[in-house]
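These notes are about the structure you will find just below.
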Amino acid sequence: MAIVNMSNFSLFTFHSERENLLHELQKFKYVHFSNLNEDESLKEIGLKNVEIPESLVEIDEEILKAKYIIDILSKYDQRETGIKAMKEGLDTYDFIELEKKAESIDYLPIYEELRGYNTKKEALAQEIQTLKTSIDELSPWVKLDTPIRNLYSFKQSEVYMGTVPKKLRERLKMDLLETKYTYFEVISEDKENIYVLTLSSKSEAEIIMEMLKNNSFSEVKLNIQDTPGEEISKYYEKIKALEHDVEECEKQMATLIDNLPKVEIVHDYLLNKKLRIMAAENFLRTEKVNVIQGYIPTDMEREFTQVVKSAVDNVYYLEISEAQRYDPMVPILLKNSKFAENFESLTAMYALPRYNEIDPTPLLAPFYLIFFGMMGADLGYGILMLIGTLFVLKKFNLSEGPRRFIKFFYYLSYSVIFWGFLYGSIFGGIIPFPIKALFNPAEDYNLLLVISIAFGLVHIFYGLSINAYIKIRDGKFLDALYDVGFWYLALIGAIGFLLPMVIDLPAIVKTISMVIMIIGMAGIVLFGARDAASIGGRIGGGIYELYGISGYVGDFVSYSRLMALGLSGGFIASSINMMAGMVAEKGFIGIIFAAIIFIGGQLFNLGLSLLGAYVHTIRLTFVEFFGKFYEGGGVGFNLFRSNTKYINLK
Amino acid sequence: MTFTDFAVQYGGVFFAGLGIAVAVFFSGIGSAAGIGIVGEAASGLVIEEPEKFGKSLVLQLLPGTQGLYGFVIGLLVLAKLDLGMSLAEGLYLFAACLPVGIVGWRSAISQGKVSAAGISILAKNEEQSTKGIIYAVMVETYALLAFVISLILTNAVSF
């Protein structure tokens, strides 16, 4: 229960056996390769990098093709989505099944066919776009009811068409008034420009052009024969035909939808295959032999040896030894009880432990449970959570990660129910609590504040004692005394010293506490910075260490959130009830609205309370608790499998 | 009725009412601003990746709690309102409302900024987005402390 013991292995095999070996190891799954590329000492003795085979490029291409199919076909996916899909979950395969299935699927014809349709579709869309642009260009001239070819075929006169900025309209008109043989018309206008047409005798054409240019005229030549209106309707007909073709393409593509689940399997398989080929990047080689190093869980040594033996036909050299305790490169795999494993995500979120530390998961779980409940604290909310999570766990086919997450909340719901019971709160008091509850949050908040801080004391002392445990386990008894023992004395002494200010205690308690506190503080000053070079540095460092006691005060105060969040959740719930109650007095319609306010409001508050409880408990765990003993920073154990997206891989 | 008479007779209820207003106003303004900041950042994200809407909503919700704390304190003081309350009691309740109002106001805005930065974690590295939530919650601690003090003050002294 904790960090899984690791062994590291060195394996020498022939180059030619590599592919088969990797394949068998991927089936085995529990192998973490060390990257030997960074090991300069091995390179100095003449070992070379293993060049990645060209098949990697091929695989990448195949993955791209599979992804292409999936991207296109998922638009036509008829399978259930949402709740129902979650209920069904993903299909589960083991590695051999997946391999067999994926190898039997030939997706290339599907790819070719799909690509054909899609290219055609894109070409059609392009054509439609071009037509639409032409329509946009023509539409200002729609009012012109003469076929354009006529305009350009006059013998005696010249026609100019184009745009002029709106603000120059009057000036242009004035200018043109002076001409004799020119007809001028504004065909249409938009936000900035007017669209003008001039018809003038050829003798005057040049002057006209000059005038137009002076008014920022920009000429438009229409490359059409008929009237703009007719041309536009022709374009529309063309677009309609093209759109019909696009639809045909879509229909054709949709008929391939049955292949989607198959291609998804291929996709996930290819990702694993790619991982397998890429693994060779971690190895080094001589002319004929590959050098492979890595880690395996210690209790799998025999299985591993067996796998290697059969994969390389008995020709190999394998050395397995227990991993070094203080080696930072040892990968971390956590194994916990059925209860505690659901809290592993919290540990991973902070940082995985180093190999010489302990797994904090089982240690943080009980307090997480208690604190979460105290912040959620409502019988109604707890029961809703319990029913919801139970329903999901029983009815849904979840993959490992989500299942643990739901299970996490399933356990937490008991705590919420328990505290809801102590607080006597059902949906913020909509149903009166039948018996007298232990606490009445609205009145006993001082008591609850004291309880919260007391929980904080226990939590922090617990954290400190874990620190002591780790040190004693490693044989550093003095360190345990200096770093934890003295703090215990100082803190307990200080509490005993200050407590008589609040409650009546015999005077002797104060005296004894004072002595304990002084011993503790003196110890911290003398030994807190024992690594310092000079005496002055040591005392100065020690005093600085002692200053850390202000941090402890902050830590204890931080636990007041246990009370505050429980209370604010309760108050918000009861004010929702109050509002619903006020509306409900207004007759039948009032009752309907009251129900909406009650259900909506309580669900909102439920979500908010749970979110608050989740993150604030994480904070207490990470900052106040972990700060006392936990460092973390280990590397995760990479299973020799790729994350699958469309299936569950056992 | 002179102004002094008025202050003596109704000053208590006036200041208690003003306290409610301060608790609700300021924390509400802060939360609205904080939620607004996160909302703007989140909208940019949802254009490209609409499937992250749910997670971004959680981040957006975080600076909203200050307004709720102010609201709760407001309700508690509301329950104590009485036309005949003394000027001293009114002023006392007014003071009790200040922590949640003022700390709620500023902390919600700061928390909004942290949450908005959390949105960029969500955009670039979705798996780590819970850490953004935790950063934002660090800010909320101080709003909670102010809430606790306001809560205790509201009930600590009986006139």
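The values are calculated or read from the model by the stated rules, or taken from the named source; none is laboratory data. Here the structure is a predicted model, which is why all the values come from computation and not from measurement. Methodologically, a virtual Cβ is constructed for each residue, glycine included, from the backbone with ideal geometry; neighbour enumeration extends over all protein chains shown.
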Unmet requirement for B:Ile119, which otherwise passes all of (1) of a type in the set (A, V, I, L, M); (2) touching a Leu at 6+ places or on another chain (Cβ under 8 Å); (3) at pLDDT below 90
(3)
Determine whether segment B:91-106 contains at least one residue that is in a helix (DSSP H, G or I), farther than 22 Å from A:Ser575 by Cα, within 14 Å of chain A (Cβ to nearest Cβ) and of a type in the set (A, V, I, L, M, F, W, C).
yes
Can you name the residue in segment B:45-68 that is touching a helix residue (DSSP H, G or I) at 6+ places or on another chain (Cβ under 9 Å) and of a type in the set (Val, Ile, Thr) and is also farthest from the other protein chains (Cβ to nearest Cβ) among such residues?
B:Val46
Got at least one residue in segment A:632-644 being of a type in the set (Phe, Trp, Tyr) and either more than 14 Å from chain B (Cβ to nearest Cβ) or touching a residue at least 60 places away in the same chain (Cβ under 8 Å) (or both)?
yes
If you check A:Glu344 against the conditions, is it of a type in the set (Asp, Glu) and more than 30 Å from A:Ser452 (Cβ to Cβ)?
no
Restricting attention to segment A:288-306, which residues are surrounded by fewer than 19 Cβ atoms within 10 Å (Cβ to Cβ), in contact (Cβ under 8 Å) with a residue 12 or more places away in the chain and not in a strand (DSSP E or B)?
A:Lys288, A:Thr298, A:Asp299, A:Met300, A:Glu301, A:Glu303, A:Thr305
Those helices (runs of 4 or more DSSP H) lying entirely in segment A:32-140 with at least 2 residues under 34 Å from the mean Cα position of the chain (by Cα) and surrounded by 12 or more Cβ atoms within 10 Å (Cβ to Cβ)
A:55-73, A:82-88, A:95-104, A:108-138
Of the residues A:Lys191, A:Lys238, which single one is under 29 Å from A:Thr130 (Cα atoms) and exposed (fewer than 12 other Cβ atoms within 10 Å of the Cβ)?
A:Lys191
If I ask for residues that are within 20 Å of A:Asp39 (Cα to Cα) and surrounded by 19 or more Cβ atoms within 10 Å (Cβ to Cβ), which ones from segment A:265-281 would you list?
A:Ala279, A:Ala280
Criterion: out of contact with any strand residue (DSSP E or B) (no Cβ under 7 Å at 6 or more places or on another chain) and surrounded by fewer than 19 Cβ atoms within 10 Å (Cβ to Cβ) - qualifying residue of B:Leu83, B:Leu59
B:Leu83
Of all residues in segment A:563-590, how many are more than 10 Å from chain B (Cβ to nearest Cβ) and assigned to a helix (DSSP H, G or I)?
14
Quick one: count up the residues across segment A:169-190 that are charged (D, E, K, R), in contact (Cβ under 8 Å) with a residue 12 or more places away in the chain and not in a helix (DSSP H, G or I).
4
Please work out which one of (1) aromatic (Phe, Trp, Tyr); (2) part of a helix (DSSP H, G or I); (3) at pLDDT below 85 is the condition A:Phe433 fails and give its number.
(2)
Taking segment A:439-489 as the region of interest, how many residues are in a helix (DSSP H, G or I) and within 14 Å of chain B (Cβ to nearest Cβ)?
10
Only one of these is touching a strand residue (DSSP E or B) at 6+ places or on another chain (Cβ under 6 Å), outside any strand (DSSP E or B) and modelled with pLDDT of 90 or more: A:Leu386, A:Leu390, A:Leu352. Name it.
A:Leu352
